[in-house]
2 protein chains.
Amino acid sequence: MSVVADAAGPFRFVLVRTAHPGNIGSAARAIRTMGFTRMELVLPAHFPDPQATAMAAGADDVLGRAGVHGDMIAGLAGCSLALGLSARRRGVQLPEWSPRQAARHSLAAAARGGQVALVFGNERTGLENAELAHCHGMVRIPSVDDFSSLNLAQAVQVMAYELRLAMLDGAPEAPPAAADEPPADAVEMERFFAHLEQTLDDIDFHKGRTATTILLRLRKLFQRAQMDERELRILHGILADAQRMARLAGVAGKSATAD
Amino acid sequence: MSVVADAAGPFRFVLVRTAHPGNIGSAARAIRTMGFTRMELVLPAHFPDPQATAMAAGADDVLGRAGVHGDMIAGLAGCSLALGLSARRRGVQLPEWSPRQAARHSLAAAARGGQVALVFGNERTGLENAELAHCHGMVRIPSVDDFSSLNLAQAVQVMAYELRLAMLDGAPEAPPAAADEPPADAVEMERFFAHLEQTLDDIDFHKGRTATTILLRLRKLFQRAQMDERELRILHGILADAQRMARLAGVAGKSATAD
């Protein structure tokens, strides 16, 4: 399974909470025409499904290898860059890129040895903010304001098309950060966010205020930074020392839940 | 009718011998998302049709205005440039353009006052040679050789997308991050780094190791994130609480220099 995934190259298309199995099939066909084969499905409403197979129109290899996951983290495992497609401009602190810019960034990340996820939300509701929080950037297809919603498989087609063009174009953009360390993947980032959340409790950061908004902001900030593993180790170290201080102060765990 | 057509601008999408009415609807939606409204149907197998309406997902204006014609000439009436989409390289004496090149040629023709048709053949057989003979050029979407056939509506989407991009070209791109808070300036970042450095001393992070490399790494990480003022305030708050814990623990300042 992972051998097949590796053979598929560094790019994967992640479909989140897809309602209509026909769209999964159409998306499979779309990415296959552009030379991609890896699709990960997070909580699809129906899969496998005869409609998916019918609409794949022969891209059965893509459907057959598609992973089905219970949450986004699992679908993003191994990825150092996750870009979420979104039709709407939201009050989200994520960089917003065009499909063409996103394709260049994706290629640059792959050139640094990373795996890249293009993430597509539910047909009607798109990606929720909590789902976008796992992403490092947003991709907006430049549709018109009064009719902005592309069909899911057509959004997949546009993104796969730009990615293929960028690959055919050859030279990726100069990597923004000269990383000599492997980029942190989605699982490592989740572990960091869990550690951060626990530390904020331990040092009594919230002081009774609701934590959700702050945590979401911090999440976006650190996702945006596209950290490598060494940077994560440093931050874990800082958090651990802050927790140590809280323990010495006899404060730790006061407002935290057990374990 | 022709008044409406003129109001739609110089570009039209011509679908020839479309077999599945659902594809007509999907194509209508695709062109509508990219700001186009004019579709001409040559010998559609079924139209109007409830499936077309369903798949148009609200692009009813496009379907409602679509002309239905008995031959290609009628569908191309008034056009000075007709470009036929074709997945295959054929022995046809026509210039072959990428969608991006085709979009630029289309815009140039429109700038000279012409009307332009993007022409799409039957789902299974594409455009026949006799139909291509009405075209001035062929457009090939760069799909992979072993799976080259895009769904009709997806081919329409790619072409409409490139045409829209070409039209938007020249207009400035959206700013990379839609920030609702002012970005942190250099002075604020320096204050943050000073606070971070002091806090690392206070919580005894370095433990005798030299601090310079770590501080430089953290500096790069946070610079890269291009933070806004609200994010900085949150981070200052976290640092302040970590320092408070260190004071309560009686550790703060142990390894810090005076003041």
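Per the conditions (1) surrounded by fewer than 20 Cβ atoms within 10 Å (Cβ to Cβ); (2) outside any helix (DSSP H, G or I); (3) modelled with pLDDT under 95, the sole criterion not satisfied by A:E96 is (1).
For (1) within 25 Å of A:H20 (Cβ to Cβ); (2) open to solvent by 60 Å² or more (accessible area, probe 1.4 Å); (3) touching a Ser or Thr at 6+ places or on another chain (Cβ under 7 Å); (4) among the β-branched types (V, I, T), each residue gets a yes or a no:
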site	(1), (2), (3), (4)
B:M34	yes, no, yes, no
B:P50	yes, yes, no, no
B:M55	yes, yes, yes, no
B:A59	yes, no, no, no
B:H69	no, no, no, no
B:I73	no, yes, no, yes
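For residues in the stretch A:215-242 being open to solvent by 40 Å² or more (accessible area, probe 1.4 Å) and within 18 Å of B:M227 (Cα to Cα), which is modelled with the lowest pLDDT?
Initially, the stretch A:215-242 is screened for residues open to solvent by 40 Å² or more (accessible area, probe 1.4 Å), giving A:216-217, A:219, A:226, A:229-230, A:233, A:236, A:240.
Keeping just the survivors that are within 18 Å of B:M227 (Cα to Cα) gives A:216-217, A:219, A:226.
On the way: A:L216: 87, A:R217: 88, A:R219: 88, A:Q226: 82.
The residue in question is A:Q226.
I want to confirm something. Restricting to the stretch A:1-18 and keeping residues that are hydrophobic (A, V, I, L, M, F, W, C) and modelled with pLDDT under 50, which single residue is most open to solvent (accessible area, probe 1.4 Å)? I'd like the intermediate steps shown before the answer.
First pass over the stretch A:1-18, keeping only residues hydrophobic (A, V, I, L, M, F, W, C): A:1, A:3-5, A:7-8, A:11, A:13-16.
Adding the requirement that they be modelled with pLDDT under 50 leaves A:1, A:3-5, A:7.
On the way: A:M1: 149, A:V3: 110, A:V4: 57, A:A5: 17, A:A7: 88 Å².
This residue is A:M1.
Tell me which residues, restricted to the stretch B:202-243, are of a type in the set (S, T, N, Q) and outside any helix (DSSP H, G or I). Scanning the stretch B:202-243 gives B:T210, B:Q226.
Within the stretch A:36-43, does at least one residue satisfy the condition of being surrounded by 23 or more Cβ atoms within 10 Å (Cβ to Cβ) and either modelled with pLDDT under 95 or over 22 Å from the mean Cα position of the chain (by Cα) (or both)? Within the stretch A:36-43 (the criterion being surrounded by 23 or more Cβ atoms within 10 Å (Cβ to Cβ) and either modelled with pLDDT under 95 or over 22 Å from the mean Cα position of the chain (by Cα) (or both)), the answer is no, since none of the residues qualifies.
Go through the stretch A:47-103 and give me each residue that's hydroxyl-bearing (S, T, Y) and either under 26 Å from B:Y161 (Cβ atoms) or without any contact (Cβ under 8 Å) to a residue 12 or more places away in the chain (or both).
Start the filter on the stretch A:47-103 by keeping residues that are hydroxyl-bearing (S, T, Y), which leaves A:53, A:80, A:86, A:98.
Once the filter is applied, which keeps residues that are hydroxyl-bearing (S, T, Y) and either under 26 Å from B:Y161 (Cβ atoms) or without any contact (Cβ under 8 Å) to a residue 12 or more places away in the chain (or both), the stretch A:47-103 yields A:S86, A:S98.
Conditions tested, residue by residue: (1) modelled with pLDDT of 95 or more; (2) within 26 Å of A:L150 (Cα to Cα); (3) open to solvent by 40 Å² or more (accessible area, probe 1.4 Å).
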residue: A:L83; (1), (2), (3): yes, yes, no
residue: A:H105; (1), (2), (3): no, yes, yes
residue: A:A109; (1), (2), (3): no, no, no
residue: A:G113; (1), (2), (3): no, no, yes
residue: A:G121; (1), (2), (3): yes, yes, no
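Just to be sure I understand, how many residues within the stretch B:127-143 are closer than 17 Å to A:T33 by Cβ and more than 14 Å from chain A (Cβ to nearest Cβ)? Qualifying residue count for the region: 0.
Collect the residues in the stretch B:142-173 that are open to solvent by less than 10 Å² (accessible area, probe 1.4 Å) and at pLDDT below 90, keeping them in residue-number order. Listed by number, the list is empty, since nothing qualifies. Restricting the stretch B:204-227 to residues that are more than 7 Å from chain A (Cβ to nearest Cβ) and touching an Asp or Glu at 6+ places or on another chain (Cβ under 8 Å), the residue that is farthest from A:L196 (Cα to Cα) is B:A211.
Only one of (1) within 14 Å of chain B (Cβ to nearest Cβ); (2) modelled with pLDDT under 95 fails for A:G25. Which number is that? Here A:G25 clears every test but (2).
Scan B:P176, B:P182 and give me the residue that is under 29 Å from A:Q157 (Cα atoms) and either modelled with pLDDT under 90 or more than 10 Å from chain A (Cβ to nearest Cβ) (or both).
Values: B:P182 fails: under 29 Å from A:Q157 (Cα atoms).
Exactly one residue qualifies, and that residue is B:P176.
Condition check ((1) within 14 Å of chain B (Cβ to nearest Cβ); (2) over 16 Å from the mean Cα position of the chain (by Cα)) across all residues:
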{"position": "A:M55", "(1), (2)": "yes, yes"}
{"position": "A:R65", "(1), (2)": "no, yes"}
{"position": "A:I73", "(1), (2)": "no, no"}
{"position": "A:L107", "(1), (2)": "no, no"}
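Among the criteria (1) open to solvent by less than 60 Å² (accessible area, probe 1.4 Å); (2) at pLDDT 90 or above; (3) touching a Leu at 6+ places or on another chain (Cβ under 9 Å), the one B:L132 does not fulfil is (2). Residues in the stretch A:147-170 that are more than 10 Å from chain B (Cβ to nearest Cβ) and among the small types (G, A, S): A:A166, A:G170.
The values are calculated or read from the model by the stated rules, or taken from the named source; none is laboratory data. Keep in mind it's a predicted model, so treat the numbers as computed, not measured. For neighbour counting, all protein chains shown are included, and Cβ atoms are generated from backbone atoms with ideal geometry for every residue, glycine included. Accessible surface areas use protein heavy atoms only, side chains included; no ligands, DNA or RNA. Shrake-Rupley method; radii C 1.70, N 1.55, O 1.52, S 1.80 Å.
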